[in-house]
Amino acid sequence: MEETISLLPILQSIDSPDDLKYLPESDLPRLAGEIRRMIIETVSRVGGHLAPCLGVVELTIALHYVFNTPHDKIIWDVGHQAYAHKLLTGRRDRFHTLRQYKGISGFPKREESVYDAFDTGHSSTSISAGLGIAIAQNLKGESNKTIAVIGDGSMTGGMAFEALNQAGDLNKNLIVILNDNEMSISPNVGAMSSFLSRKLTSKTMVRAKHDLSQFLKQSSLGENIRHVLKKSEESLKGFFTPGVLFEALKFDYIGPIPGHKLDNLLETLRNVRDFSSGPVLIHVLTTKGKGYTPAEQNPGSYHGVGPFDIDTGLPKPSPPKPITYTKAFGNTIIEIAEKDPLVVAITAAMPAGTGLMAFSKKFPDRFFDVGIAEQHAVTFAAGLATEGILPVVAIYSTFMQRALDQVIHDVCLPNLPVTFALDRGGLVGDDGPTHHGVFDLSFLRFIPNMVIMAPKDEEELRHMLYTAIFMPCPTTIRYCRGNGQGVDMSGNLEKLPFAKGELLHEGDDVLLLPVGNRVYPALAAAEGLEKIGIKAAVINPRFVNPLDGDLICHWVEKTGKVVTVEDNVKKGGFGSAVLELLAKRSLFNIPVRILGLPDRFVEHGPQEILYQNNRIDTPAIISSALEIVGK
């Protein structure tokens, strides 16, 4: 790390944006190169979000150079593009700990720095938060600037337009920077993406604007005629670019401007800082992955990466691992769809992340990427289901939180057969608390008509998906991030008996009730307990809602003691469901230990460390079993 810093003399001198302002403008392009180098070198070692961060280096420098942060507030939408921001705001010496356990977060975090104006990790929130901050400053009689930086991918989220609508109506001094790189994680989709497309704006329109400007400067026309032509140019640009949309929302629209030319950025930002009043939107054209050829050529693959070789761009070699749950899901839905033409797949801007890329190519007419619009995805699926289609909605658990009302009102209330494939259920690791999917069992379990399943391994996931798609009601399959158990997956697909668990290990001393990815750690705990003379029964519930009450209660009565284990918060989760079952069956005075996640947000770090710290791993299960049996 010291060697890297020693080769970056300008960046090494920057401990805050105040230091940045001492640099002459002529040094800023070199600083941009040094920042890119540090980002590439660091992410190549520890992994992280590469392409988004490389695309906003000049924009980040310009923002901190022009504005008076932290008094002026910068809000980064999603936040995975904020690495350059972290480097310029006092975290350079800790940057090597990026996304590492006990290191700095991969996202803006207010407790980490006064320069992080808003905690974020989900999409389309920056304009709403920025408007709130701007209004608060106005109420306090302050005149600081508020800048919301939002990507064109995030503009597919309806929340962004709800905020634009109010901001335009209130006419407050809010600056919105539209970072237009034609990407979210995967290429953007939908009419909004087409409207923002730079097929016209970045090539034809920018070139036309330049040519007309040069003509006006060189001509001998009178000043009035030049002014008229200039206004005509702006009208033409506004008619053919997103200016017509944003100005209809009462924003002053500026752009599109090149996002990697610091002189253009600095001039525009200074003008807006000094002369604007009311809401302004600056349309900035950037290249995702800028400065690293593999990322520029394939930005989707370099959105979020593990450690890689800088020279080749290839992932660093690692021992062979079993198939991931995501891949198992993607393979299985293709297998099912090949036999049933009514099966369709829906995702919210995550075709690669949810394992649906192969499906999208094989069945393009049956694949729907709705953009960053989880609410729409759910109700869209409900509409399909009313017509006999079999929709599978694949969304990360943490993002499904955004569509809870639609799940309740549009799917579960009319009891429609929509299948939800919730990837990244449980602790996800280095992305941290904004991405941990640790609330889904709790916020789905209370909804009438919702069936919930959780597979113990990748093979069981196959059968659960096959079962869910043909269920006559809403069904959720919740599975974790990462690799499976390496079990055989060559068997034919089978429908699982409804609401039936499976006994995996017999024992008379204590009942272990693990769910989903905690089943194998519980089996290992049972083996460990047996070595010291304690016989533990282990049940894989398979169904979280409804529970297999007969099977569970039989073994509760047989053992008289229960330990539940889940990769979910304890409140309202699987353990709570077991307690409710015991109360319903009048099984009182049964000692129960609930192992699950605490009533706090869990930090980022490797999954195994987080399992250990939160006492849901094998040693913790053994310890709880020993405690409950009195040893």
Problem set entry | Scan of the stretch 507-517 for residues that are among the β-branched types (Val, Ile, Thr) and under 30 Å from the mean Cα position of the chain (by Cα), ordered by number | Val515
Exercise. Pairs under 6 Å by beta carbon, first residue surrounded by fewer than 21 Cβ atoms within 10 Å (Cβ to Cβ) in the stretch 417-446, partner of a type in the set (Lys, Arg), six or more apart or different chains?
Worked result: none
Exercise. Looking at the stretch 455-469, is at least one residue closer than 28 Å to Leu493 by Cα, of a type in the set (Phe, Trp, Tyr) and outside any loop (DSSP other than H, G, I, E, B)?
Worked result: yes
Problem set entry | Members of the stretch 353-403 found to be assigned to a loop (DSSP other than H, G, I, E, B), hydrophobic (A, V, I, L, M, F, W, C) and buried (at least 20 other Cβ atoms within 10 Å of the Cβ), listed by number | Leu356, Val370, Ile372, Ala373
For this session: Working only within the stretch 234-272, note down all residues that are among the charged types (D, E, K, R) and either at pLDDT 95 or above or surrounded by fewer than 16 Cβ atoms within 10 Å (Cβ to Cβ) (or both).
Result: Glu234, Glu247, Lys250, Lys261, Asp263, Glu267, Arg270
Problem set entry | Those residues of the stretch 405-416 which are touching a residue at least 12 places away in the same chain (Cβ under 8 Å) and either in contact with a helix residue (DSSP H, G or I) (Cβ under 9 Å, 6 or more places away or on another chain) or not in a loop (DSSP other than H, G, I, E, B) (or both), in sequence order | Asp405, Gln406, Val407, Ile408, Asp410, Val411, Cys412, Pro414, Leu416
Exercise. Which residue out of Asp15, Asp77 is within 24 Å of Thr120 (Cα to Cα) and buried (at least 24 other Cβ atoms within 10 Å of the Cβ)?
Worked result: Asp77
For this session: Look at the stretch 295-304 and say how many of its residues are surrounded by fewer than 21 Cβ atoms within 10 Å (Cβ to Cβ) and in a helix (DSSP H, G or I).
Result: 2
Seminar exercise, completed: A careful count of residues in the stretch 128-163 that are part of a helix (DSSP H, G or I) and within 23 Å of Thr69 (Cβ to Cβ) gives 15
Exercise. Does Lys570 qualify as being within 21 Å of Val438 (Cα to Cα), modelled with pLDDT of 95 or more, touching an Asp or Glu at 6+ places or on another chain (Cβ under 9 Å) and basic (Lys, Arg)?
Worked result: yes
For this session: May I ask you to list the residues in the stretch 592-604 that are surrounded by fewer than 19 Cβ atoms within 10 Å (Cβ to Cβ) and part of a loop (DSSP other than H, G, I, E, B)?
Result: Pro598, Asp599, Arg600, Phe601, Val602, Glu603
Problem set entry | Breaking point among (1) more than 30 Å from Ile609 (Cα to Cα); (2) surrounded by fewer than 22 Cβ atoms within 10 Å (Cβ to Cβ); (3) aliphatic (A, V, I, L, M), for Ile61 | (2)
Problem set entry | Residue satisfying condition, being assigned to a helix (DSSP H, G or I) and touching a Gly at 6+ places or on another chain (Cβ under 7 Å), within set Leu59, Leu31, Leu63 | Leu59
Problem set entry | Test for Gly371: is it modelled with pLDDT under 95 and touching a Ser or Thr at 6+ places or on another chain (Cβ under 6 Å) | yes
For this session: Could you grab the pairs with beta carbons closer than 7 Å, sequence gap of 6+ or different chains, first residue in the stretch 518-547 and touching a residue at least 40 places away in the same chain (Cβ under 8 Å), second one among the acidic types (Asp, Glu) and outside any helix (DSSP H, G or I)?
Result: Arg518/Glu566; Arg518/Asp567; Pro521/Asp617; Ile534/Asp509; Ala536/Asp509; Asn540/Glu502; Pro541/Asp548; Arg542/Glu502
Problem set entry | Residue check, Pro320 farther than 30 Å from Glu247 by Cβ and either among the small types (Gly, Ala, Ser) or not assigned by TED's automatic domain parsing to the domain that holds Asn517 (or both) | yes
Seminar exercise, completed: Taking the stretch 90-131 and keeping residues surrounded by fewer than 18 Cβ atoms within 10 Å (Cβ to Cβ) and among the aromatic types (Phe, Trp, Tyr) leaves Tyr101
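This table checks each residue for (1) under 33 Å from the mean Cα position of the chain (by Cα); (2) assigned to a helix (DSSP H, G or I); (3) assigned by TED's automatic domain parsing to the domain that holds Pro455.
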site	(1), (2), (3)
Val519	yes, yes, no
Leu523	yes, yes, no
Val544	yes, no, no
Asp550	no, yes, no
Glu557	no, yes, no
Thr564	yes, no, no
Exercise. Residue check: is Thr326 assigned to a loop (DSSP other than H, G, I, E, B), buried (at least 16 other Cβ atoms within 10 Å of the Cβ) and polar (S, T, N, Q)?
Worked result: no
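The values are calculated or read from the model by the stated rules, or taken from the named source; none is laboratory data. Owing to the predicted nature of the structure, the values given are computational and were not obtained by experimental measurement. Here Cβ is always computed from backbone atoms with ideal geometry, including for glycine, and neighbour counts include all displayed protein chains.
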